Amino acid sequence: MIESFIIKDEVIIIPVAIETEDMLIEYEFVVDTGASQTLIDENALRRIGCIPANAVRYLPIHGIGGQYMAPVHKMISVSALGVDRLDMEVLSGTMPQKSGAQGLLGNDFFKNHVLTIDFDMAEISLQSASQYNNCSECHTKNIEQAIFCHHCGRKLH
């Protein structure tokens, strides 16, 4: 599924649906391939009924501002780019106000998928990695229908 994105304060912003036991709400999230975990702003979590005291556990987080223990909350689902992650754990933290985003999607959301970003068209897509074939020569992922590797030119089948 290909979707449009916007850029605010030099970061990619996409809509993300968060489902808890009590509600389903859509927020704007930063696409952050440098983050290992998905994070939701603590104020956004409070609006959907999650408070730090109800965290399932705490994880040490290393960021630009140093290290701290972040509360971890379990969501019924986190959905974006046509992908639904069920029973997903998210961190609680503070998002910079300048982007206006309520969270960031980290690599835990993107795992087992191929993320494609087309900056010229302002489009982003997330496809299952099972739709791709690895080249035996250079190990580049190629779309399932490809006959030749787009990186080294080797015949795939």
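The values are calculated or read from the model by the stated rules, or taken from the named source; none is laboratory data. Because the structure is a prediction, the values reported are computed rather than measured. With ideal geometry, Cβ positions are generated from the backbone for all residues, glycine too; neighbour counts draw on all protein chains shown.
Identify all residues within the range 101-150 that are modelled with pLDDT of 90 or more and exposed (fewer than 13 other Cβ atoms within 10 Å of the Cβ); write none if there are none.
Result: LYS111, THR116, ASP118, PHE119, ASP120, MET121.
Between residues in the range 43-61 that are closer than 18 Å to GLU21 by Cα and residues that are assigned to a strand (DSSP E or B) and of a type in the set (S, T, N, Q), which pairs lie under 8 Å by C-beta distance while being six or more apart or on different chains?
LEU45/SER92; CYS50/SER92; PRO52/SER92; ALA55/SER92
Could you say whether any residue in the range 35-55 is under 30 Å from ASP118 (Cβ atoms), surrounded by fewer than 18 Cβ atoms within 10 Å (Cβ to Cβ) and out of contact with any helix residue (DSSP H, G or I) (no Cβ under 8 Å at 6 or more places or on another chain)?
Of all residues in the range 35-55, those under 30 Å from ASP118 (Cβ atoms) come to 35-41, 44.
Filter once more, keeping what is surrounded by fewer than 18 Cβ atoms within 10 Å (Cβ to Cβ): 36.
Retained after the next criterion (residues that are out of contact with any helix residue (DSSP H, G or I) (no Cβ under 8 Å at 6 or more places or on another chain)): none.
Checking the range 35-55: not a single residue is under 30 Å from ASP118 (Cβ atoms), surrounded by fewer than 18 Cβ atoms within 10 Å (Cβ to Cβ) and out of contact with any helix residue (DSSP H, G or I) (no Cβ under 8 Å at 6 or more places or on another chain).
Please determine whether any residue of the range 74-84 is outside any strand (DSSP E or B) and in contact (Cβ under 8 Å) with a residue 60 or more places away in the chain.
Among the residues of the range 74-84, at least one is outside any strand (DSSP E or B) and in contact (Cβ under 8 Å) with a residue 60 or more places away in the chain, which makes the answer yes.
How many residues are on the phi < 0 side of the Ramachandran plot and either crowded, with 17+ Cβ neighbours inside 10 Å or in a loop (DSSP other than H, G, I, E, B) (or both) if we restrict to the range 3-21?
10
Can you tell me which residues in the range 22-70 are in a loop (DSSP other than H, G, I, E, B), over 20 Å from LEU81 (Cβ atoms), in contact with a Gly (Cβ under 8 Å, 6 or more places away or on another chain) and not hydrophobic (A, V, I, L, M, F, W, C)?
Hit for the range 22-70 is ASP22, nothing else.
Take the conditions closer than 15 Å to ILE6 by Cβ and small (Gly, Ala, Ser) and apply them to ALA101. Does it pass?
When the stated conditions are applied, ALA101 passes them.
I'd like to know if the range 56-75 contains one or more residues that are closer than 14 Å to GLU26 by Cα and among the hydrophobic types (A, V, I, L, M, F, W, C).
yes
Determine whether MET95 is under 30 Å from ILE2 (Cα atoms), assigned to a strand (DSSP E or B) and either under 17 Å from the mean Cα position of the chain (by Cα) or hydroxyl-bearing (Ser, Thr, Tyr) (or both).
Spelling it out, it is not the case that MET95 is under 30 Å from ILE2 (Cα atoms), assigned to a strand (DSSP E or B) and either under 17 Å from the mean Cα position of the chain (by Cα) or hydroxyl-bearing (Ser, Thr, Tyr) (or both).
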